[in-house]
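The values are calculated or read from the model by the stated rules, or taken from the named source; none is laboratory data. Everything quoted here is computed from the prediction, not taken from an experiment. So basically every Cβ, Gly included, is an ideal-geometry build from the backbone, and we count neighbours across all protein chains shown. Please note that ligands, DNA and RNA were not included when accessible areas were found on the heavy atoms of the full protein model with its side chains. Shrake-Rupley method; radii C 1.70, N 1.55, O 1.52, S 1.80 Å.
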Amino acid sequence: MQALPLRRWLPPYLLLFAGIALLLSLSELQGYLRRGGTRPWEPFLWEFSSLTLLALLGMPMYRLHCALRNRPWLQQLAAHLLGLLLFWLVHTGGMFAIRFGVYALASVPYEPGPWRSVLLYEAGKDAVSYLTIQLLCVGLLAWRRDQHRAEELDRTRRELAEAQAARLADQVQPHFLFNTLNLIAATVHEDARKADALICDLASLLRQTSNAQQRAEHSLAEELALAKPFLALMQARFGDRLRVSMDIAADAERVRVPALLLLAPLENAIKHDVALHRGAVTLQLSAHLRDGRLRIELHNSGFAPASVEGGEGGLGLRNLRQRLQARYGQAAQAELKAQTGGTCLRLELPA
């Protein structure tokens with residue numbers, strides 16, 4: 001496990017000890033005043049001198065705990081007994097050094113009491129403090145292990161999403177590439193300019209798909225740039241039977257989305273609707289930001305396949321949901337609904 005950055009843990013660590021010292025000082029002040037004390041700063045000096053040394057000793061104690069956690073229990077016991085002795089000596093000596101120094105600066109006599117009683121009293125307190133700090137170290141290490149596991153899980157999810165994106169690209173290319181090449185072959189003798197445009201669209205699609213495989217995510221604008229040559233090829237294939245309209249907000253184009261997010265839904269809409277529908281079908285793609293979330297909707301005006309009526313969709317939708325789950329967890333949604341005269345796929349992602 002990597003150590004937490006100093007700037008991340010030091011401020012809350014110091015604030016914790018300062019808060020404890022302040023609360024103990026205020027509590028001690030009430031008793032001090034009831035006993036007739038005349039210098040209200042004394043309780044604050046007593047508690048802050050003790051807690052300051054505890055805060056400074058807490059850091060090497062944590063390192064000691066980490067160094068001993070995999071050792072045999074007898075070695076741990078011996079090391080902790082020695083650590084307790086050093087803790088008592090350093091804490092007690094440093095605390096009284098601070099107090100005597102402040103009292104000397106204030107020209108006020110300081111009489112802590114009989115030293116034997118004082119040292120025994122401090123030894124008992126330090127034993128409790130040492131045990132408490134060690135228990136806190138156990139809790140902190142457990143929290144760090146959970147954080148480490150969460151980071152590993154998040155990294156695994158991201159790698160899975162990238163692998164799924166690569167697999168998606170491998171699946172998309174072969175089965176439309178054959179049809180596209182046949183379309184170009186049939187067009188080249190009838191309309192050379194159209195065939196040339198189709199070749200350019202195909203080259204752009206293959207190049208951008210290959211580039212997208214190298215990245216886990218990119219902007220929605222880049223995703224649309226990948227989808228447009230694909231739609232151009234499909235429109236050339238189906239002619240007037242396929243109409244495409246887009247309504248993309250400018251702020252939505254800047255949102256980062258998983259690479260190859262839209263290619264499979266667009267392909268499925270064409271394969272399961274346009275290819276099977278005798279009339280003209282309109283695909284409407286929209287993207288807008290709402291309440292810090294990106295909403296993408298793909299409407300088609302054909303008919304709803306039976307798999308859509310149950311809301312589950314087919315294999316493509318299940319793969320899409322798995323990708324979103326791997327990357328965003330429960331923060332993303334993919335919903336497919338039948339509607340009058342077609343279907344609507346709605347995606348919601350954190351923006």
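Within the stretch 111-133, count every residue that is free of Cβ contacts under 8 Å to residues at least 24 places away in the same chain and open to solvent by 20 Å² or more (accessible area, probe 1.4 Å).
14
When residue 210 is evaluated against the numbered criteria (1) over 26 Å from residue 273 (Cα atoms); (2) over 32 Å from the mean Cα position of the chain (by Cα), which criterion, by number, is the only one it fails?
(2)
May I ask you to list the residues in the stretch 237-269 that are open to solvent by less than 20 Å² (accessible area, probe 1.4 Å) and over 19 Å from residue 287 (Cβ atoms)?
242
Does residue 221 qualify as being open to solvent by less than 50 Å² (accessible area, probe 1.4 Å) and in contact with a His (Cβ under 6 Å, 6 or more places away or on another chain)?
Against the criterion (open to solvent by less than 50 Å² (accessible area, probe 1.4 Å) and in contact with a His (Cβ under 6 Å, 6 or more places away or on another chain)), residue 221 does not qualify.
I need a count of the residues in the stretch 45-70 that are surrounded by 15 or more Cβ atoms within 10 Å (Cβ to Cβ) and either small (Gly, Ala, Ser) or within 30 Å of residue 106 (Cβ to Cβ) (or both).
Result for the stretch 45-70: 13.
Only one of these conditions is not met by residue 181: (1) surrounded by 17 or more Cβ atoms within 10 Å (Cβ to Cβ); (2) more than 21 Å from residue 350 (Cβ to Cβ). Which number is it?
The single condition residue 181 does not satisfy is (1).
I'd like to know if the stretch 193-203 contains one or more residues that are surrounded by 12 or more Cβ atoms within 10 Å (Cβ to Cβ), at pLDDT below 75 and of a type outside the set (Phe, Trp, Tyr).
no
Can you tell me which residue is least open to solvent (accessible area, probe 1.4 Å) among those in the stretch 270-301 that are assigned to a loop (DSSP other than H, G, I, E, B) and either more than 23 Å from residue 319 (Cα to Cα) or touching a helix residue (DSSP H, G or I) at 6+ places or on another chain (Cβ under 7 Å) (or both)?
Top of the filtered list is 279.
Please go through (1) in contact with a helix residue (DSSP H, G or I) (Cβ under 6 Å, 6 or more places away or on another chain); (2) aliphatic (A, V, I, L, M); (3) free of Cβ contacts under 8 Å to residues at least 12 places away in the same chain for residue 192 and return the number of the only condition it doesn't satisfy.
(1)
It is to be established whether one or more residues within the stretch 315-332 are modelled with pLDDT of 75 or more and not in a helix (DSSP H, G or I).
yes
Tell me, please, whether a residue that is closer than 17 Å to residue 112 by Cα and open to solvent by 60 Å² or more (accessible area, probe 1.4 Å) can be found in the stretch 10-21.
no
Looking at 53, 4, which one is modelled with pLDDT of 90 or more and more than 14 Å from residue 134 (Cα to Cα)?
Being modelled with pLDDT of 90 or more and more than 14 Å from residue 134 (Cα to Cα) holds for just one of 53, 4, which is 53.
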